[in-house]
């Protein structure tokens with residue numbers, strides 16, 4: 001009998017995918033530019049639909065896309081596929097808020113954040 005990957009691990013995979021996109025966008029470099037303490041990005045919403053179990057050792061691919069934001073929230077859409085069959089195993093999204101350590105929750109992205117995100121999405 002095959003053992004399934006625990007659901008909590010999938011959210012760790014999504015976190016890694018978000019951090020990879022944040023690095024590509026260069027948002028990780030902004031963590032220190034708001035005064036001394038910078039910005040942080042807490043998850044405020046997550047929804048996940050488990051369509052098929054993921055067994056330990058299964059070869060999968062995680063696809064994550066950032067939606068173009070209009071406020072200081074970033075929505076990431078996630079899909080996990082079976083690399084061998086192409087079957088969609090998991091569909092999900094996560095939303096992070098943009099917070100300043102000095103000012104708290106931001107309502108709008110800074111101009112620099114918006115510019116970096118637009119540049120990434122337009123590539």
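The values are calculated or read from the model by the stated rules, or taken from the named source; none is laboratory data. Source: prediction; values computed, not measured. Don't worry about glycine lacking a Cβ; one is built from the backbone with ideal geometry, like all the others, and counts go over all protein chains shown.
General observations
- Restricting attention to the range 51-68, the residues being under 17 Å from residue 17 (Cβ atoms) and either under 16 Å from the mean Cα position of the chain (by Cα) or in contact (Cβ under 8 Å) with a residue 40 or more places away in the chain (or both) number 8.
- From the list 72, 22, 17, the one residue that fits, being without any contact (Cβ under 8 Å) to a residue 24 or more places away in the chain and crowded, with 16+ Cβ neighbours inside 10 Å, is 22.
- On inspection, residue 41 does not qualify as closer than 19 Å to residue 113 by Cβ, buried (at least 16 other Cβ atoms within 10 Å of the Cβ), touching a residue at least 60 places away in the same chain (Cβ under 8 Å) and touching a strand residue (DSSP E or B) at 6+ places or on another chain (Cβ under 7 Å).
Condition check ((1) surrounded by 14 or more Cβ atoms within 10 Å (Cβ to Cβ); (2) assigned to a loop (DSSP other than H, G, I, E, B); (3) modelled with pLDDT of 95 or more; (4) in contact with a helix residue (DSSP H, G or I) (Cβ under 7 Å, 6 or more places away or on another chain)) across all residues:
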site: 11; (1), (2), (3), (4): yes, no, yes, no
site: 35; (1), (2), (3), (4): no, yes, no, no
site: 47; (1), (2), (3), (4): no, no, yes, no
site: 52; (1), (2), (3), (4): yes, yes, yes, no
site: 68; (1), (2), (3), (4): no, yes, yes, yes
site: 77; (1), (2), (3), (4): no, no, yes, no
site: 81; (1), (2), (3), (4): yes, no, yes, no
site: 91; (1), (2), (3), (4): yes, no, yes, no
site: 94; (1), (2), (3), (4): yes, no, yes, yes
